[in-house]
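Visitor: Here you go, one structure.
Each value in this text was obtained by applying a stated rule to the coordinates, not by laboratory testing. Only a predicted model underlies this, so the values are computations on that prediction, with no experimental measurement involved. Here Cβ is always computed from backbone atoms with ideal geometry, including for glycine, and neighbour counts include all displayed protein chains.
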Amino acid sequence: MDPTASLTCSGSQSPTDEFMDDWLFLSSTSAASPCYEEESRDDKEKRGKLKSKLISAWNSVKYGLSFKQKSNLGKNSTVVFFGTSYQLRDRGENECFHHSFAALLWFTYRRGFPQLKGSSLTTDSGWGCLLRTGQILLARGLLLHLMPEGLTWSVSHHKFKDDMDLPEIFSEARGMCIQNSKGLEKSARKLSLGSLMDRCMESTHRKVVSWFADNPSAPFGIHQLVEFGKSLGKKAGDWYGPSIVAHILRKAAEASTALPNLAVYVAQDCTIYVEDVNDLCEQTFSGISSASIQPWKAIILLVPVRLGGQDLNPAYITCIKKILTLQCCIGIIGGKPKHSLYFVGFQDDHLLYLDPHYCQPTVDVTKDNFPLEMLY
């Protein structure tokens, strides 16, 4: 773990300075056409698209992530991933780790989505990294809440027609045996549907993904998160801090009708008040059919905390690693000022993380069987 990298994002700059630092601006003089006094609507739209592309390209260069990077993990040290330890020298555990890691949803900068309300922005490149890591963290919690325990899903599963076509490691781990008429055991074939989940589970998984779509109707999409941020003094194009994002996620969960059995709690001054958590978990049935909800809510606990000044205080390294060994941990968001990452585990003193600073085209989730490749 690099002690120079802070796990909380902070800065001494004013909001205006932060905004200027994260954006490539084109002046109206330099961007306007010199041949006409007035621009047509099509010209303005073309100029806006060009500006968005330049902003995305600039931030890709700025953060040094113009392409997807591949990490190299040593096979002689244990990898801890969301509380589970893997020995990578073991072929089976190596495969299981890569399978679990590949199942994480990866929300990154996007371009080409509908304009954010009150602005002309069609990309979050350069300013939305904490909103994206917040989405990843929330998605992790939702999948654990809604999907069967131990069942993960990734786009790579579509490569196989059924369990008989899976690599040996998955067949051994997930194979089923049934008795035929002669009393002999044989492997049971499953439906050809991505192999690792049935149609119902695939539908649930796609529904969760659609909740984070880059359109105004998605309950946890960039448009809704920006709207909730306005009540906290933020607007599209501003840089969001970890504490504000935690409260934005809480507001989004409260407003969503799709999650009556889940609540989000944000700690106050790094303190979790047990009575408040109990009150939040207890269901209230006024105006809601009690048959459709459980008597007790699941809960996501978010604890905003600053672990040093501009840099991470090395005294917290052991604590961070211990948190990542907990089975109940759904990750850590933060990093260094204006550069948020999503931390999921560690090997020795090196953290494992997903990086949202990679700008991709938006995905239209309204289409049937929308592609999942760009979300992993």
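Visitor: What spacing in nm lies between the two simple spin-label points modelled at D279 and N215, each 7 Å away from Cα in the Cβ direction?
Guide: Each label point lies 7 Å from its Cα, and together they span 3.9 nm.
Visitor: Using 0.36 nm times the number of residues separating C270 and A102, minus their current alpha carbon distance, what extension gain do you get? Let's see the in-between values first.
Guide: Values: separation 168, 0.36 × 168 = 60.48 nm, distance 3.18 nm.
Here the segment from C270 to A102 would lengthen by 57.3 nm.
Visitor: While we're on this one: Report the gain in length on full extension from N369 to S85: 0.36 nm times residue separation, minus Cα-Cα distance, nm rounded to one decimal. Mind dumping the intermediate values first?
Guide: Details: separation 284, 0.36 × 284 = 102.24 nm, distance 3.42 nm.
Contour length minus the Cα-Cα distance gives 98.8 nm.
Visitor: Moving on to the next point. Using the structure shown, select from K230/K322; K336/K367; K75/K336; K251/K336; K297/K338 the pairs with a Cα to Cα distance greater than 32 angstrom. The partial results should precede the final answer.
Guide: Numbers: K230/K322 35 Å; K336/K367 37 Å; K75/K336 29 Å; K251/K336 25 Å; K297/K338 34 Å.
Violating the 32 Å limit, Cα to Cα: K230/K322; K336/K367; K297/K338.
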